[in-house]
Amino acid sequence: MKALTFSTFGSSAVLEYIEIPNPILKSDEILVEMRAIGLNFADVYRRKGNYHLKGNPPFIAGYEGAGVVVYTNNQPGFKVGDRIAFADVPFSNAELVAVPVTNAIPLPDSIPFETAATILLQGLTAHYLATDSHKTKKGETVLIHASAGGVGQFLTQISKLLGATVIGLTSSAEKAEISLKNGADQVYLYSNDWKTQVLSFRPNGVDAVYDSIGSTLNDSFEVTKICGQVIFFGMAGGDPDFVNPRMLMDTSKTLTGGDLWSYLISKEERIKRAHQLFDWINNRAIIIAPPTIFKLSEGKKAHDFLESRKSTGKIILIP
């Protein structure tokens, strides 16, 4: 099979589209022929050597995608031709992927492969953030950092669906327009005095802040109301400063960490959460921007485009 690989860490120049052996299946795995693969910043971090990688070179990145079962490995409940998707299976940047049966999510005919590869990782992240990390209630006001990003767009739409007023933060006027199109009620730019603007809109502070930037964590607390909550789930802007526990006690504010893998703990959880997303898509309660598509063989171009920060929607790779 062909796969997008790298044998050393570095820039996108280390990526190679080469022929490698087919996966060797374990007893609890099925073989899936990939039709669409999601590209994420985690893949860039793996290529650069920032994340731990299993196995030996050539390495294969990728954790998200959708395809068709081509070998069931005698697993009950699966047949050749079944459409499945996944959000947390390694080595997905290849024509064939060994998928553990617990990670395989049945894909309805109404959901295209490209849509599944666009929404699963970021959509499931937004889902747990709005329904578990913070249980969004009707009438609340939430602040979403990087609201025009992949998770931010889904989180904005889900928060609105659950009845919240949404304030978005973005880095440009163009991205602010995207955030507004996704339903944000107010959008402010990082380059302006956004904390003053947020507190002007909500003088007592917001109910919850979703912070994926990291370096803004203490700023997020400054615009959070007494007894409010900050959900910290990313470090796109660098490591956060120390959070003073005395501040948390004095203001009764809560700091909550968030990681998707803490919630995808069983086959049932994966299917339940994914199918909630699929239902919202089918009912047009959530609208997905068309992804930017590259061939898997054009992986270098796709990585460069992702790192350029010019993309606002999802990037997917097609074998």
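Descriptive notes on the structure:
- Separation of the range 168-212 from the range 112-161 is 15 Å, based on Cα centroids.
- Helical runs assigned H by DSSP (4 residues or longer) give the chain a calculated mean residue ellipticity at 222 nm of -8500 deg cm²/dmol, each run adding -39500 (n - 2.57) before division by the residue total.
- For the range 22-83, the per residue solvent-accessible surface stands at 51 Å², with DNA, RNA and ligands left out and a 1.4 Å probe.
- Largest GNM mean-square fluctuation among LEU53, LEU129, LEU107, using the chain with Cα springs under 10 Å: LEU53.
- Cross-linked pairs LYS2/LYS295; LYS138/LYS160; LYS175/LYS314; LYS175/LYS295: Cα-Cα separations exceed 18 Å for LYS175/LYS295.
- Sparse packing (at most 15 other Cβ atoms within 10 Å of the Cβ) combined with a DSSP loop state is found for the following trypsin sites (Lys or Arg not before Pro) in the range 46-99: LYS54, LYS79.
- The modelled label-to-label distance between SER252 and MET235, using points 7 Å beyond Cα along the C-beta direction, is 3.2 nm.
- Computed over protein heavy atoms with a 1.4 Å probe, the accessible surface of the range 105-182 works out to 32 Å² per residue.
- In the range 85-159, a dipole from Cβ-located charges (positive for Lys and Arg, negative for Asp and Glu) runs towards its positive end, and of GLY149, PHE113, PRO100 it is GLY149 whose Cα lies farthest in that direction.
- Entry note, the chain: relative contact order of 17 percent, from Cα contacts under 8 Å with a spacing of 6+ residues.
- DSSP beta bridge pairing in the chain, given as percent antiparallel to the nearest 5: 55 percent
- Nearest-0.05 FRET efficiency for ASP259 and ASP304, computed from C-beta distance (R0 45 Å): 0.95
- Surface calculation, 1.4 Å probe, protein heavy atoms: PHE113 sits at approximately 30 Å² accessible.
- Carbon/sulfur fraction of accessible area - the chain, other protein chains in place, 1.4 Å, %: 52 percent
- Whole-angstrom Cα spans of the range 26-159 along principal axes, big to small: 50, 36, 22
- When the Gaussian network model of the chain links Cα atoms closer than 10 Å, the mean-square fluctuations of ILE226, ILE37, ILE286 top out at ILE226.
- Label point distance in nm, GLU33-ASP109, each placed 7 Å from Cα along Cα→Cβ: 1.9 nm
- Each of LYS295 and ASN22 was given a label point 7 Å from its Cα along the Cα-to-Cβ line. The distance between the two points is 2.3 nm.
- Packing rank of 152-159, 65-72, 87-94, 191-198, where each peptide gets the mean count of other beta carbons within 10 Å, highest leading: 152-159, 87-94, 65-72, 191-198
- Multiplying the residue separation of ASN74 and ASN204 by 0.36 nm and subtracting their alpha-carbon distance yields 40.9 nm.
The values are calculated or read from the model by the stated rules, or taken from the named source; none is laboratory data. Computed from a prediction, not measured in an experiment: that's the story for all the values here. So basically every Cβ, Gly included, is an ideal-geometry build from the backbone, and we count neighbours across all protein chains shown. Calculation scope for accessible area: heavy atoms of the full protein, side chains included, ligands and nucleic acids excluded. Shrake-Rupley method; radii C 1.70, N 1.55, O 1.52, S 1.80 Å.
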